[in-house]
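Q: Pasting a structure here, questions to come.
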Amino acid sequence: MKVYPQTSDNEYSNKTASEKNGVRVYLDYAATGPVKQEVFDEILPFFKGDFGNPSSMHEWGRAARIAVDRARTQLEKFLNLREGRVIFTSGGTEADNLAIKGLVLPFLNKNEQKPHIITSTFEHHAVLNTCKALEKNGVEVTYIKPDKDGLILVSAIEKAIKKNTVLVTIMYVNNEIGTIAPIREIGQMIEKENENRKLNKESKVYFHTDAVQAAEYLNMDVDYLHVDLLTISGHKIGAPKGVGALYIRKGVPVLPIITGGEQEFNLRAGTENVAGTVALGKAVELIQKSEFKIDDLKNLRDYFIDRVLTEIPETQLNGSKDFRSPNNISIYFKYVEGESILMNLDLVGIAASSGSACTSLSLQPSHVIMAVYADAERAHGSIRFTLGQATTKEEIDYTIENLKNIIKKLRAMSPLAPKKYKVQSASKVTIVIIPCALNL
Amino acid sequence: MSNISSLYSGKVMDHFKNPHNMGEIENPSGVGRVGNPVCGDLMELQIKVENNVITDAKFQTFGCTAAIATSSILTDLVIGKTVEEALKVTNIAVVDALDGLPPVKKHCSVLAEEALQKAVEDYNSKK
């Protein structure tokens, strides 16, 4: 599968080592990825040729309408949807907002009791901050803590369910540490709860999952998962940024949060992002047809993890190794800080991400690491590498070799590091660029 | 993560890539340690004072690019100065010497100034 060639239009003013030796290794796929070549080819006609508004009656409009409908069908196939709707949105964040606000807000004025949401402390901010905003509006929220392996326990959610619970929202794969939640089991538990509620004529508990990080590699059959609502994001699966989707099971009472025209079955107003929806449809079709071996990715991931844990002292994996997304490596490096690690990686052309406070505008450490480990130092010293289908073993070897030198260099200058890591004589330490056999 | 890297000046990147005076002094005259690993910033400045002149300074830092750069350039700014002159080195002088810092990173320069003050305080208390 060819990847759309990236431009080298780089505003980074300082000449980086990467620009000198030309090596570029992208290991931040959880943040975003390139548009897949087939997706790109599929959407090109919709910018200048079939540019119509799907709501228009004429042939330009009809062509656009057919394209959007086809994309919707592709999403329905991908999710094995039998009863329900797929609503196109501007991305994962909007889909999360629609699921949570769209479902819960109508409950606010219904009963004397506040509606209650159950979620986790390490959800993506699109879910967390939406729940927090609803709390200000009189909604009750329970935030379940993940266990020490970064996993959510079904029993913890079950215990938290109350008479006024209307929604459970738990992310399928955590974006920072890659741990996988037991979505199917949670869904089954909720269905049992709803059977009891039916007998007592009480309203249901609905179940939403943010599946943004899961869509590429995990089972997305909504009946298998027993979910009522599910969020997908385009730019994590080879579609462009600016498009996503929300699956809504039949009978789930969601009201629109973006009001206006009648698009998307009156659930999301606004002229459809035709190219975006076509892209999303093609992207999920590619996933279904893909012959890419996920086990190969897992092996690459484990190779990375094992090399780091054995070759760099005082390192730890964040989150369960077994219940983990095939592409996620999240490592805690003791005594050193994340942003300085990232900057050093950037200087040799490697892209990654960190939970350090220094990388966030809010200067807050990663709430995910804090939720699992309650350790700010761990948050500051953690780096996330996420692999893609284009990632090679050579790229990983290049990364590990540079990582070893970077950690050594940073520990030599860290007042936290024990004496054994200090290089006494050096007052000038330079970055070592490892020549490698990468094909450029 | 925000696009902080494109906001760093060439000087900041130079000090980050090749820090000046990183390490420790044998029998330092004064040591100043500030910050907090919980916050993500820890700086230690060690100074050697002879005849009231700072003849040597070394730093160690746990922190981001800006933190490393500010502590590195701080050593440049104090070596060769008298203790009194060195105390006049403010966080603004540090930021200027680095050709500026992104607003969200200004606090790193404050930390550098504090490290210097503490090192001098320590030296004075030992005299």
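Q: Here's a check for you: in the stretch B:66-89, which residue that is farther than 27 Å from A:S356 by Cα and within 13 Å of chain A (Cβ to nearest Cβ) is surrounded by the most Cβ atoms within 10 Å (Cβ to Cβ)? Before the answer, list the steps.
A: Pass one, the stretch B:66-89, residues farther than 27 Å from A:S356 by Cα: B:76-89.
Then drop every residue that is not within 13 Å of chain A (Cβ to nearest Cβ), which leaves B:76, B:79.
Numbers: B:D76: 14, B:I79: 18.
Checked the stretch B:66-89; the qualifying residue surrounded by the most Cβ atoms within 10 Å (Cβ to Cβ) is B:I79.
Q: For residues that are within 7 Å of chain A (Cβ to nearest Cβ) and surrounded by 18 or more Cβ atoms within 10 Å (Cβ to Cβ), scanning just the stretch B:35-60, find the one that is farthest from B:S109 (Cα to Cα).
A: Only one residue tops the list, namely B:P37.
Q: Sticking with this structure for a sec: Collect the residues in the stretch B:4-29 that are surrounded by 18 or more Cβ atoms within 10 Å (Cβ to Cβ), farther than 21 Å from B:D96 by Cα and more than 10 Å from chain A (Cβ to nearest Cβ), keeping them in residue-number order.
A: B:P28, B:S29
Q: So which residues in the stretch A:101-128 are aromatic (F, W, Y) and over 19 Å from A:K159 (Cα atoms)? Spell out the reasoning first.
A: Step one: filter the stretch A:101-128 for residues aromatic (F, W, Y), giving A:107, A:122.
Hit for the stretch A:101-128 is A:F107, nothing else.
Q: A further question on this structure: What is the residue count in the stretch A:274-309 for residues that are in contact with a strand residue (DSSP E or B) (Cβ under 7 Å, 6 or more places away or on another chain) and under 14 Å from A:A239 (Cβ atoms)? First the steps, then the outcome.
A: Here is the first cut: in the stretch A:274-309, the ones in contact with a strand residue (DSSP E or B) (Cβ under 7 Å, 6 or more places away or on another chain) are A:277, A:280, A:283, A:286, A:301, A:304-305, A:308-309.
Add one more test, that the residue is under 14 Å from A:A239 (Cβ atoms), and what stays is A:277, A:280, A:283, A:286.
So the count comes out to 4.
Q: Still on this structure, please answer the following. Go through the stretch A:276-315 and give me each residue that's buried (at least 23 other Cβ atoms within 10 Å of the Cβ), farther than 21 Å from A:R411 by Cα and aliphatic (A, V, I, L, M).
A: The answer is A:V278, A:A279, A:L280, A:A283, A:V284.
Q: OK, next. Here is a list of conditions, (1) within 15 Å of A:S414 (Cα to Cα); (2) within 10 Å of another protein chain (Cβ to nearest Cβ); (3) small (G, A, S), and B:G32 meets all of them except one; can you say which number that is?
A: Tallying (1) within 15 Å of A:S414 (Cα to Cα); (2) within 10 Å of another protein chain (Cβ to nearest Cβ); (3) small (G, A, S), B:G32 fails exactly one: (2).
Q: If you scan the stretch A:134-161, which residues turn out to be in a helix (DSSP H, G or I) and touching a residue at least 12 places away in the same chain (Cβ under 8 Å)? Steps first, answer last, please.
A: The first filter runs over the stretch A:134-161 and keeps only residues in a helix (DSSP H, G or I), leaving A:134-136, A:154-160.
Within the stretch A:134-161, A:L134, A:V154, A:A156, A:I157, A:E158, A:A160 meet the criteria.
Q: State all residues of the stretch A:80-111 that are under 17 Å from the mean Cα position of the chain (by Cα) and small (G, A, S); if no residue qualifies, say none.
A: The answer is A:S90, A:G91, A:G92, A:A95, A:A99.
Q: Considering only the stretch A:36-52, I want to know if a residue exists there that is over 30 Å from A:H116 (Cα atoms), in a strand (DSSP E or B) and within 14 Å of chain B (Cβ to nearest Cβ).
A: Step one: filter the stretch A:36-52 for residues over 30 Å from A:H116 (Cα atoms), giving A:36-52.
So of that shortlist, the ones also in a strand (DSSP E or B) come out as A:36.
Retained after the next criterion (residues that are within 14 Å of chain B (Cβ to nearest Cβ)): none.
No, because not a single residue in the stretch A:36-52 is over 30 Å from A:H116 (Cα atoms), in a strand (DSSP E or B) and within 14 Å of chain B (Cβ to nearest Cβ).
Q: How many residues does the stretch A:354-363 contain that are touching a Lys or Arg at 6+ places or on another chain (Cβ under 9 Å) and outside any helix (DSSP H, G or I)?
A: At the first step, the residues of the stretch A:354-363 found to be touching a Lys or Arg at 6+ places or on another chain (Cβ under 9 Å) are A:354-355, A:358.
Subset that is outside any helix (DSSP H, G or I): A:354-355.
Final tally of qualifying residues: 2.
Q: Ok, one more. Report whether or not A:K148 is of a type outside the set (A, V, I, L, M, F, W, C) and within 22 Å of A:P256 (Cβ to Cβ).
A: Values: of a type outside the set (A, V, I, L, M, F, W, C): yes; within 22 Å of A:P256 (Cβ to Cβ): no.
It is false that A:K148 is of a type outside the set (A, V, I, L, M, F, W, C) and within 22 Å of A:P256 (Cβ to Cβ).
Q: Which residues, counting only those in the stretch A:320-342, are farther than 28 Å from B:T61 by Cα and not basic (K, R)? Let's see the steps before the verdict.
A: Just the residues of the stretch A:320-342 that are farther than 28 Å from B:T61 by Cα, to begin with: A:320-328.
Result: A:S320, A:D322, A:F323, A:S325, A:P326, A:N327, A:N328.
Q: Could you please tell me which pairs satisfy a Cβ distance under 8 Å, a separation of 6+ or placement on different chains, a first residue in the stretch A:174-192 that is assigned to a strand (DSSP E or B), and a second residue that is β-branched (V, I, T)?
A: Between residues of the stretch A:174-192 that are assigned to a strand (DSSP E or B) and residues that are β-branched (V, I, T), the close pairs are A:T179/A:V173; A:I180/A:V173.
Q: Just a yes or no: is a residue in the stretch A:254-263 surrounded by 15 or more Cβ atoms within 10 Å (Cβ to Cβ), in a loop (DSSP other than H, G, I, E, B) and touching a strand residue (DSSP E or B) at 6+ places or on another chain (Cβ under 7 Å)? If you could, list the steps in order and put the result at the bottom.
A: In the first step, residues of the stretch A:254-263 are kept if they are surrounded by 15 or more Cβ atoms within 10 Å (Cβ to Cβ); the result is A:254, A:256-258, A:263.
Restricting the remaining residues to those that are in a loop (DSSP other than H, G, I, E, B) gives A:254, A:256-258.
Add one more test, that the residue is touching a strand residue (DSSP E or B) at 6+ places or on another chain (Cβ under 7 Å), and what stays is A:254.
Yes, the stretch A:254-263 contains a residue that is surrounded by 15 or more Cβ atoms within 10 Å (Cβ to Cβ), in a loop (DSSP other than H, G, I, E, B) and touching a strand residue (DSSP E or B) at 6+ places or on another chain (Cβ under 7 Å).
Conditions (1) in a strand (DSSP E or B); (2) surrounded by fewer than 22 Cβ atoms within 10 Å (Cβ to Cβ); (3) of a type in the set (A, V, I, L, M), marked per residue:
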site: A:I329; (1), (2), (3): yes, no, yes
site: A:L342; (1), (2), (3): no, no, yes
site: A:P365; (1), (2), (3): no, no, no
site: A:I369; (1), (2), (3): no, no, yes
site: A:Q389; (1), (2), (3): no, yes, no
site: A:E394; (1), (2), (3): no, yes, no
site: A:D397; (1), (2), (3): no, yes, no
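Q: For a quick check of your reading of the model, give me the residue pairs whose first member lies in the stretch A:245-260 and is of a type in the set (S, T, Y), whose second is outside any loop (DSSP other than H, G, I, E, B) and buried (at least 20 other Cβ atoms within 10 Å of the Cβ), with beta-carbon atoms closer than 6 Å and at least 6 apart or on different chains.
A: Close Cβ pairs (under 6 Å, with a partner that is outside any loop (DSSP other than H, G, I, E, B) and buried (at least 20 other Cβ atoms within 10 Å of the Cβ)) amount to A:Y247/A:V86; A:Y247/A:V222; A:Y247/A:L230.
Q: Can you tell me which of A:I100, A:I117, A:I66 is hydrophobic (A, V, I, L, M, F, W, C) and either surrounded by fewer than 19 Cβ atoms within 10 Å (Cβ to Cβ) or modelled with pLDDT under 95 (or both)?
A: A:I66
Q: Looking only at residues in the stretch B:64-120 that are of a type in the set (K, R) and in a helix (DSSP H, G or I), which one is nearest to the chain's Cα centre (by Cα)?
A: Taking the stretch B:64-120 first, the residues of a type in the set (K, R) are B:81, B:88, B:105-106, B:118.
Now restrict to residues that are in a helix (DSSP H, G or I): B:105-106, B:118.
Working: B:K105: 14, B:K106: 13, B:K118: 11 Å.
The extreme case among them is B:K118.
Q: While we're here: Would you be able to tell me the number of residues in the stretch A:183-236 that are modelled with pLDDT under 95 and crowded, with 17+ Cβ neighbours inside 10 Å?
A: Matching residues across the stretch A:183-236 total 1.
Q: From (1) crowded, with 22+ Cβ neighbours inside 10 Å; (2) free of Cβ contacts under 8 Å to residues at least 60 places away in the same chain, pick out the condition that doesn't hold for B:I92.
A: Among (1) crowded, with 22+ Cβ neighbours inside 10 Å; (2) free of Cβ contacts under 8 Å to residues at least 60 places away in the same chain, B:I92 violates only (1).
The values are calculated or read from the model by the stated rules, or taken from the named source; none is laboratory data. Quick caveat: nothing in here was measured; it's all calculated off a predicted structure. We place every Cβ from the backbone using ideal geometry, glycine too, and count neighbours over all the protein chains shown.
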